Amino acid sequence: MDRRSEKLKSLPEYPFAKIDRLKEGVEKREVIDLGIGDPDLPTPTHIISALKEALNDPKIHRYPPYNGYLELRLAISSWYKNRFGVSLEPNSEILPLVGSKDGIFHIVPSIINPGDVVLVPDPGYPVYFSATILGHGVPRIVPLLPENNFLPNLSEIDTKGVKAMFINYPNNPTGAACDIEFLEKLVLWAKENDIIILFDMAYSEVYFEEAPPSILQIPGAIDFCLEFHSLSKTFNMTGWRIGFCVGNKDIIKALLEYKTNVDSGIFGAVQYAAISALTGSQICIEEMRAIYKKRMDVLVRGLSKAGFNVQKPKASFYIWMKIEGKSSDFSEHLLQETGVVCTPGVSFGKYGEEFVRFSVTNSDEKIDEAVNRIIKWKSSL
Ligand SMILES: Cc1ncc(COP(=O)(O)O)c(C=O)c1O
């Protein structure tokens with residue numbers, strides 16, 4: 001019996017659940033997974049030590065505060081100031097999250113009334129769409145097209161009934177980045193149209209060119225913007241579930257009030273580990289970038305050699321590659337012929353249909369092996 005609500009039934013299958021099913025049909029040892037963006041690199045040891053040490057404090061095992069320890073909010077504030085040059089008020093403009101997905105999902109029911117329109121980028125991180133549907137909002141698709149460098153064309157957006165807009169740079173899945181000039185235009189446009197900007201910077205530290213800017217660098221943006229950050233990709237902590245959001249105090253207040261009804265905060269030891277990550281040496285981030293850059297070069301070169309039209313991304317650990325035909329057919333075919341998993345672009349929305357996404361979150365050896373298999377397969381056709 002299908003016990004799901006009508007809203008839940010209306011959602012497309014979460015993309016990675018589908019890929020897992022496909023993988024089941026292929027010999028386990030054969031599979032090289034370049035599908036999901038889950039860092040293979042280890043969490044830096046000083047962060048793990050901070051967690052272990054915190055575990056010895058009996059207080060840490062009790063309910064944590066809903067808005068996180070003040071010490072963590074202070075650590076976020078100083079990290080943010082160093083990285084973006086923006087000062088934040090730790091009690092009202094910062095909220096730690098159970099991973100940024102927590103905030104991205106729960107912001108919708110916190111600020112949206114039934115029928116309010118939410119702008120959702122396509123292709124985009126699937127949670128923007130599902131959060132909007134499950135939060136009783138109405139998603140309106142904003143296409144991200146290659147001819148616009150995967151940035152939205154603001155002048156073409158129908159703003160009628162729009163309350164908020166999700167937007168994400170560095171971008172998953174396209175690997176695009178935006179510059180400060182684009183953010184200036186976005187802030188001006190959002191102010192004119194009275195739209196709350198929900199800016200997702202989960203990949204803020206995974207970049208290969210200039211360091212990506214924050215939307216809060218734009219004067220006045222804090223009046224109506226909320227920005228999401230994650231320790232998942234920056235410090236290889238996807239399983240730890242820790243992130244934060246920063247921005248307008250009234251929006252943060254609404255999110256905190258909503259979340260107080262949902263969860264009971266982030267485990268204290270994880271918060272102390274996050275403090276260690278944010279206040280400790282940041283060299284681990286540079287090392288991570290160097291590793292991804294090297295892998296990216298190998299994979300881009302390999303895919304080009306195999307005959308694909310592929311560009312190096314500006315940021316993120318994803319390659320967004322144009323293909324011919326349907327993306328799920330391509331992914332299925334690639335998996336069957338080579339054992340290499342890539343994500344069909346359609347999983348990120350209909351504008352992703354003619355693309356597939358490769359992630360470099362697998363070892364150098366596996367990426368070399370994937371490249372060899374793909375070249376061999378293509379040359380045999
Ligand atoms: C664009 C984007 N935003 C947010 C997230 C959520 O990350 P987390 O909840 O681990 O912080 C992801 C995860 O893949 C993502 O791709």
Size of segment 212-351 as Cα extents on the principal axes (Å, biggest first):
50, 36, 34
So which aspartates and glutamates can Lys312 reach, going by Cα to Cα under 18 Å and dropping same-chain residues fewer than 8 places off?
Glu147, Asp179, Glu205, Glu209, Glu210, Asp297, Glu354, Asp364, Asp368
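Can you give the helix-only mean residue ellipticity at 222 nm for the chain, where every DSSP H stretch with n ≥ 4 adds -39500 (n - 2.57) and the sum goes over all residues, rounded to the nearest 500 deg cm²/dmol? Present the calculation step by step, with values, prior to reporting the outcome.
Details: 13 runs with 153 residues, N = 381.
Calculated from helices alone, the mean residue ellipticity at 222 nm is -12500 deg cm²/dmol.
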Around Lys253 (Cβ within 15 Å, Cβ-to-Cβ, excluding Lys253; K/R +1, D/E -1) the net charge comes to -2
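Using only the alpha carbons of segment 150-266, what is the convex hull's orientation-averaged projected area in square nanometres?
Working: hull surface 33.1 nm².
For segment 150-266, the mean projected area of the Cα convex hull comes to 8.3 nm².
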Be a star and scan segment 361-381 for residues whose amide nitrogen sits under 13 Å from the point 7 Å along the Cα-to-Cβ vector of Lys305.
367-379
Output needed: percent of Cα pairs per 10 Å distance bin for segment 1-148, bins running from 0 to the one holding the longest distance.
8, 22, 29, 28, 12, 0
At 7 Å along the Cα-to-beta-carbon direction for both Glu184 and Ile283, put a label point, then send me their distance in nm to one decimal.
3.8 nm
Give the cross-link partners of Lys249 among the aspartates and glutamates, using a straight C-alpha distance below 14 Å as the criterion and excluding same-chain residues fewer than 8 apart.
Glu89, Glu93, Asp223, Glu227, Glu257
When averaged across all projection directions, what area in nm² does the alpha-carbon convex hull of segment 79-226 cover?
8.6 nm²
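DSSP loop (so not H, G, I, E, B), at most 16 other Cβ within 10 Å: list which trypsin sites (Lys or Arg not before Pro) in segment 272-339 pass both filters.
Numbers: sites: Arg289, Lys293, Lys294, Arg295, Arg301, Lys305, Lys314, Lys322, Lys326; in loops: Lys314, Lys326.
Answer by residue number: Lys326.
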Cross-link partners of Lys23 among aspartates and glutamates (Cα-Cα below 18 Å; sequence separation of 8 or more within a chain)
Glu13, Asp33, Asp38, Asp329, Glu332, Glu337, Glu369
Calculate the spin-label point distance for Lys350 paired with Leu74, positioning each point 7 Å from the Cα along the beta-carbon direction, and give it in nanometres.
5.2 nm
Going by alpha carbons, how many degrees (0 to 90, nearest 10) lie between the helix axis of 268-279 and the longest principal axis of the chain?
80 degrees
Just to be sure I understand: with springs between alpha-carbon atoms less than 10 Å apart, which residue in Gly265, Gly239, Gly339 has the highest mean-square fluctuation in the Gaussian network model of the chain?
Gly239
Taking the Cα atoms only, what angle lies between the long axis of helix 15-24 and the longest principal axis of the chain, rounded to 10 degrees?
40 degrees
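Using a cut-off of 13 Å between beta-carbons, work out the net charge of the residues near Gly307 (Lys and Arg +1, Asp and Glu -1, Gly307 not included). Please list the in-between numbers first.
Details: positive: Arg301, Lys305, Lys322, Lys376, Lys378; negative: Glu324.
Result for the local shell: +4.
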Given GluC sites (Glu not before Pro), DSSP loops and at most 14 other Cβ atoms within 10 Å, the longest exposed-site-free stretch of the chain is 28-208
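Output the pairs from Lys52/Lys366; Lys253/Lys314; Lys163/Lys350 with a Cα-Cα distance over 26 Å in this structure; if there are none, say none. Mind showing how you got there, number by number?
On the way: Lys52/Lys366 32 Å; Lys253/Lys314 34 Å; Lys163/Lys350 23 Å.
Beyond 26 Å: Lys52/Lys366; Lys253/Lys314.
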For Glu205, what is the net charge nearby, where nearby means another residue's Cβ is under 10 Å from its Cβ and Lys, Arg count +1, Asp, Glu -1?
+2
Per residue, what volume in Å³ does the Cα convex hull of the chain take up?
151 Å³
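Can you work out D for segment 203-248 in µm² s⁻¹ from Stokes-Einstein, where Rh is the Kirkwood radius over C-alpha pairs, the temperature is 37 °C and the viscosity is 0.692 mPa s?
Values: Rh = 11.8 Å.
It comes out at roughly 278 µm²/s.
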Going by Cα centres, segment 273-313 and segment 358-381 are how many Å apart?
16 Å
In nm, to one decimal, how far is the Asn153 label point from the Asn82 one, both placed 7 Å along Cα→Cβ?
4.3 nm
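Where a number appears in this text, it was derived from the coordinates with a stated rule and is not lab data. Small disclaimer: the values here were computed from a predicted structure and weren't measured. Positions of Cβ are generated from backbone atoms using ideal geometry, with glycine treated the same way; all protein chains shown enter the neighbour counts.
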